[in-house]
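The structure under discussion appears below in the form of structure tokens.
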Amino acid sequence: MRQIPTGKPSIGHEDVLAVQQALLSGWLTTGPKVQEFEQAFARYVGSRYAIAVSSGTAALELALACLDITAGEIITTPFTFVATANAILYNDLKPVFVDIDPETLNINPKKIEAAITKDTKAILYVDYAGQPCDIDSIRQIAERNNLFLVEDAAHALGARYGSTRVGAIADLTTFSFHPLKNMTTGEGGMITTNQEKLYRKLLLLRNHGLDKEDKKFGGAWSYNMKLLGRNYRLSDLQCALGLTQLQKIEQLNQKRAAVVNRYREAFSSIPEISVLTVQEKAAPAWHLFVILLRGVGRNALFEELGHRGVKANVHYIPIYHFDYYQTLGFCPTDFPNTEKAFKNILTLPLYADISGEEVAHVIGAVKESIKKLAKK
Ligand SMILES: *Cc1c(COP(=O)(O)O)cnc(C)c1O
């Protein structure tokens, strides 16, 4: 049976043409499309600077690296993709997980303060499913304790908090352009910041730590290596695609929002299903549509949906459960809300190009399956 996938990129003719033109331009990488994409991106989110990198994971790694933290703890959520916490480990820092809010599934600010120690250096928060966190509360905690704020907005391109768009709020914000995110460059990522010093350092870190302005060795050919940087550049081909995708991000997000509204309305009368609460100041850019189940087994529903041609998914397995993180000594009972969400959560298909009939099919499949399972 043909399956309706959980997510899918939206690639149009204009995207194909843009990549083709970039290919024929002679600039495959480090050409004009990189800056063009960065400038358009910064303009869109309202940040002073944007730095394109090779993935959302690279963006996270460099965002932490540019802060000059030599040792210490970074507070984050366990209910995210592994890349969020891995980026902390790449920087030889210690991830400290804080439990989530049961209604938004975002990190719970009320529990952050208790996790702060003399070694805490930053809060790395994730806008789960596309909804900005309770940023006012998080910022107050950061200011009281002199901590950096880093926002993993891999889900939240286009979201707003109050009147400000995500990307112009934290010290550093990271985005991902993986094919399943709200816009794509195949692989790719972006870091935004308003601070020139961080921007300058990120430019070096992205390109082997090389400073071409430094003429230490004499001639115009001279350059110097200042930092142990990486090659995390994004190619011109990818930036060309990023530009055409960014041009339609509002439309793509609107299409997702319309699907979310249909799902919410259809499921509002089903007592076994609840959906995420939207916080007062948050205007989400929905990336995932997740349901929380009551009185119906998640795995059973996953199977039933599969039989009806609907591919669901689980976002996420809490990071501390993975073998690698288990060796670092985390205890699941410290995270009761994360555990409860993990047990009862299911992600349903959501992407810009899903058809009206497909949405109707998903809704019908969920209703039928719940009816069957609730009887048991
Ligand atoms: C996708 C994702 C990332 C990683 O992005 P990549 O571009 O795949 O490296 C990081 N954090 C979150 C929350 C994500 O969903």
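Report the FRET efficiency, 1/(1 + (r/R0)^6), for Tyr324 and Lys372, where r is their Cβ-Cβ distance and R0 is 35 Å, rounded to 0.05.
Step by step, r from the Cβ atoms, then E = 0.40.
Sum -39500 (n - 2.57) across every DSSP H segment of at least 4 residues in the chain, then divide by the residue count to get the 222 nm mean residue ellipticity, nearest 500. Write out the running numbers ahead of the final one.
Working: 13 runs with 149 residues, N = 376.
So the calculated ellipticity at 222 nm is -12000 deg cm²/dmol.
Near Lys197, which lysines are there with a Cα under 24 Å away, not counting those fewer than 8 places off in the same chain?
Straight-distance partners of Lys197: Lys33, Lys121, Lys212, Lys215, Lys216, Lys226.
Given His321, Leu348, Val362, which one lies farthest toward the positive end of the charge dipole of the stretch 250-374, if we put +1 on the Cβ of every Lys and Arg and -1 on the Cβ of every Asp and Glu?
Highest projection toward the positive end goes to Val362.
Could you do me a favour and compute the accessible area per residue for the stretch 250-374, 1.4 Å probe, result in Å²? All intermediate terms of the calculation are to be shown ahead of the outcome.
Working: 5950 Å² over 125 residues.
Per residue, the stretch 250-374 has 48 Å² of solvent-accessible surface.
Any chance you could run the full-extension gain for Leu180 through Ala258? It's 0.36 nm times the residue separation minus the Cα-Cα distance, nm to one decimal.
My answer for the length gained is 26.3 nm.
Mind checking the dipole of the chain: about its Cα centre, +1 per Lys or Arg Cβ, -1 per Asp or Glu Cβ, Debye to the nearest 20?
On the way: 42 positive and 39 negative charges, 79 e Å.
So the magnitude is around 380 debye.
Compute the angle between helix 236-247 and the longest alpha-carbon principal axis of the chain, please, reported from 0 to 90 degrees and rounded to the nearest 10.
Approximately 50 degrees, to the nearest ten.
Of Ser137, Thr84, Pro109, which is farthest along the charge dipole of the stretch 83-143 in the positive direction, counting Lys and Arg as +1 and Asp and Glu as -1 at C-beta?
Among Ser137, Thr84, Pro109, the one farthest towards the positive end of the dipole of the stretch 83-143 is Thr84.
Could you give the accessible area per residue of the stretch 13-248, probe 1.4 Å, as a whole number in Å²? Display every interim value, and only then the final one.
Numbers: 9790 Å² over 236 residues.
So the stretch 13-248 comes to 41 Å² accessible per residue, rounded to a whole number.
Around Ala168, what is the net charge, scoring Lys/Arg as +1 and Asp/Glu as -1 over all other residues with Cβ under 12 Å from its Cβ?
+2
Report the net charge of residues surrounding Gly31, where surrounding means a beta-carbon distance below 12 angstrom and charges are Lys +1, Arg +1, Asp -1, Glu -1. Walk me through the numbers before you get to the answer.
Numbers: positive: Lys33, Arg233; negative: Glu36, Asp236.
Result for the local shell: 0.
Taking Cα centroids, how far is the stretch 94-112 from the stretch 255-315 in Å?
21
For Glu357 and Asn299, what is the calculated FRET efficiency with R₀ set at 25 Å and r taken between the beta-carbons, to the nearest 0.05?
Once rounded, the FRET efficiency stands at 0.35.
Once the dipole of the chain is set up with Lys and Arg at +1 and Asp and Glu at -1 on Cβ about the Cα centre, which of Asn261, Leu210, Thr120 lies farthest towards its positive end?
Checked the options; the winner is Asn261.
Report the normalised scattering of the chain as log10 I(q)/I(0) at q = 0.07, 0.12, 0.13, 0.15 Å⁻¹, calculated by the Debye formula with identical scatterers on the alpha carbons.
So the normalised log intensities are -0.32, -0.93, -1.07, -1.36.
Compute the acute angle (0 to 90°) between the alpha-carbon long axis of helix 356-375 and the principal axis of greatest extent of the alpha-carbon atoms of the chain; round to the nearest 10°.
Tilt relative to the chain: about 50 degrees.
Please state the charge dipole magnitude for the stretch 206-306, taken about the Cα centre, from unit charges on C-beta atoms (+1 on K and R, -1 on D and E), reported in debye and rounded to the nearest 20.
Using only the charged Cβ atoms, the result is roughly 400 debye.
Can you give me the convex hull volume of the Cα atoms of the stretch 121-176, divided per residue and expressed in Å³?
For the stretch 121-176, the hull spanned by Cα atoms encloses 65 Å³ per residue.
Compute the length gained on full extension between Glu213 and Lys118: take 0.36 nm times their separation in residues and subtract their Cα-Cα distance, giving the result in nm to one decimal.
Numbers: separation 95, 0.36 × 95 = 34.20 nm, distance 3.85 nm.
Using 0.36 nm per residue and subtracting the Cα-Cα distance, I get 30.4 nm.
Label 7 Å along Cα→Cβ of Glu250; the stretch 283-303 residues with amide nitrogen under 20 Å?
283-287
Please give every one of the lysines within straight-line cross-link reach of Lys311, meaning a C-alpha to C-alpha distance under 28 Å, and leave out same-chain neighbours fewer than 8 residues apart.
Output for Lys311: Lys8, Lys181, Lys248, Lys255, Lys340, Lys343, Lys367, Lys371, Lys372, Lys375, Lys376.
Order the peptides 63-69, 305-311, 218-224 from the highest to the lowest mean number of other Cβ atoms within 10 Å of their residues.
Put in order of decreasing packing, that is 63-69, 305-311, 218-224.
Of all accessible surface on the stretch 329-373 at a 1.4 Å probe, what whole percent is carbon and sulfur?
Whole-percent figure for carbon plus sulfur exposure: 56.
Given charges of +1 on the Cβ of Lys and Arg and -1 on the Cβ of Asp and Glu, with all other atoms neutral, how large is the dipole of the stretch 250-374 about its Cα centre, in debye to the nearest 20?
Taking the Cα centre of the stretch 250-374 as origin, the dipole is about 260 debye.
Accessible area of Asp152, 1.4 Å probe, to the nearest 10 Å²?
10
Please give the contour-minus-distance gain from Val314 to Ala40: 0.36 nm per residue of separation, less the Cα-Cα distance, rounded to one decimal in nm.
Taking Val314 through Ala40 to full extension adds about 95.3 nm, to one decimal.
State, in angstrom, two size descriptors of the stretch 149-262 derived from its alpha carbons: Rg to one decimal place and Dmax to the nearest whole number.
Answer for the stretch 149-262, Rg first and Dmax second: 17.4, 65 Å.
Considering the alpha-carbon set of the stretch 250-374 alone, what are its Rg and its Dmax in angstrom?
15.8, 47
What is the calculated FRET efficiency for Glu196 to Lys8, with r their C-beta to C-beta distance and R₀ = 45 Å, to the nearest 0.05?
0.70
The values are calculated or read from the model by the stated rules, or taken from the named source; none is laboratory data. Since the model is a prediction, treat every value here as computed from it, not as a measurement. Virtual Cβ from ideal backbone geometry, glycine too; neighbours counted across all protein chains shown. Just the protein is used for accessible areas: all its heavy atoms, side chains included, with ligands, DNA and RNA removed. Shrake-Rupley method; radii C 1.70, N 1.55, O 1.52, S 1.80 Å.
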